[in-house]
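In what follows, a single structure is set out as structure tokens and then discussed.
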Amino acid sequence: MLTLAKWVMGGPFQALAAAAILALLPGFGWASAAIVALVALRKNVNDVAIPFAGAMLVAVLVHWTAGDITQVGTVCAALVASLVLAGTRSLAWSLLALGISSALYIVLVLNLAPAMISNLVDLFQPTFDDFVEQLKAANPEAQSVFEQMDVRHIVLEGMVWVTTAGAVAALLVARWLQARLYNPGGFRREFHSLRLMPAVAAVLALLLYLGQSYPPARLILPCVAIPMVMAGLALVHGVLGMKQNNGPLLVFFYVGLILTTWVGMMVLVAAAVMDSFVDFRNRIQKRYE
């Protein structure tokens, strides 16, 4: 990956080729967005326009026409976030910009491409109906819960999760590659110090509560939750990073996170909110000085 990044930074047309080719590979749409974000982090808007155009051309002509409308949003959100990061040098602000961009994208899709959404819903409806029938047969006492499930809402929420998560992966990989090429260790320090401002954390926590309490607002959950989860992960990495040989501890942490899934993510969100007010890393560092 580092060799590819060196080649990409050699010129705009190398970046164009990498962004377009990676966009064509199944499952590597986020990598195409990472190329765009890397150029945006290191160079100016004029330089990033060329690889961005290539990534978007493939996203529209190949993915959009095939029914995958998340790739366009991933590239756009990653670009916005990288430009904010380049301008502010704040990973927290760039993640917030990314979440806002993903939310705006899904709103635009809902208003500008309703036929595409309907086609996706019709495509998934038979599979969804079969799945619900299997769930009803396995859990007869919970039939009323399964009957309330809406395939349209599931499709839309899945789109937002894919778009937001892909853009976050692209942004972090791009920042890591930039640090490896030009500022070794910079990404580690930046990520370990990632912390939400108290007012921002309070607003995000309120939006997260509203999204869980009111079903129509659930589409914003990924846009709100993912930046908060990243802040929680940064807290864990920052605290464990103060210890020597912390590799096994991180392995145990991620294994536990995978096993607990949603519960673990909510714990990270709560930790991120508390850290915004308390600043655990600073307190721990002062204690051991």
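General remarks:
- Within segment 240-269, the set of residues being closer than 15 Å to His192 by Cβ and aromatic (Phe, Trp, Tyr) comprises just one member, Phe253.
- Unique match (being over 21 Å from Phe13 (Cβ atoms), surrounded by fewer than 24 Cβ atoms within 10 Å (Cβ to Cβ), under 19 Å from the mean Cα position of the chain (by Cα) and of a type outside the set (Lys, Arg)) among Ala92, Ala81, Ala77, Ala66: Ala92
- Subset of segment 252-286 [closer than 21 Å to Ala205 by Cβ, part of a helix (DSSP H, G or I) and of a type in the set (Val, Ile, Thr)]: Thr260, Val263, Val267, Val269, Val273, Val278
- Test: residue in segment 231-241 that is over 24 Å from the mean Cα position of the chain (by Cα) and more than 28 Å from Trp161 (Cα to Cα): no
- Filtering segment 227-248 to residues that are touching a residue at least 12 places away in the same chain (Cβ under 8 Å) and not in a helix (DSSP H, G or I) leaves Gly241, Met242.
- The one condition from (1) among the β-branched types (Val, Ile, Thr); (2) outside the structural domain of Ala92 (by TED's automatic domain parsing); (3) under 14 Å from the mean Cα position of the chain (by Cα) that Val200 does not meet is (3).
- Some residue of segment 185-193 being modelled with pLDDT of 90 or more, over 30 Å from Leu108 (Cβ atoms) and polar (S, T, N, Q): yes
- For segment 238-289, a tally of residues being surrounded by 14 or more Cβ atoms within 10 Å (Cβ to Cβ) and of a type in the set (Asp, Glu) returns 2.
- Residues that are free of Cβ contacts under 8 Å to residues at least 40 places away in the same chain and surrounded by fewer than 19 Cβ atoms within 10 Å (Cβ to Cβ) within segment 185-206 comprise Gly185, Gly186, Arg189, Ala199, Val203, Leu206, listed in sequence order.
- Positions within segment 25-50 being in contact with a helix residue (DSSP H, G or I) (Cβ under 7 Å, 6 or more places away or on another chain) and either under 18 Å from Tyr182 (Cβ atoms) or not assigned by TED's automatic domain parsing to the domain that holds Leu181 (or both), in sequence order: Ala34, Ile35, Val36, Ala37, Leu38, Val39, Ala40, Leu41, Arg42, Asp47, Val48
- Failed item, numbered, when Gln178 is tested on (1) out of contact with any Ser or Thr (no Cβ under 9 Å at 6 or more places or on another chain); (2) surrounded by fewer than 17 Cβ atoms within 10 Å (Cβ to Cβ): (2)
- One residue from Ala49, Ala23, Ala40, Ala15 being at pLDDT below 95, crowded, with 24+ Cβ neighbours inside 10 Å and more than 21 Å from the chain's Cα centre (by Cα): Ala15
- For segment 158-169, the count of residues that are without any contact (Cβ under 8 Å) to a residue 12 or more places away in the chain and outside the structural domain of Val269 (by TED's automatic domain parsing) is at least one.
The values are calculated or read from the model by the stated rules, or taken from the named source; none is laboratory data. The structure displayed is predicted, hence computed values, not measured ones. Reconstructed Cβ throughout: ideal geometry from the backbone, glycine too, with neighbour counts over all protein chains shown.
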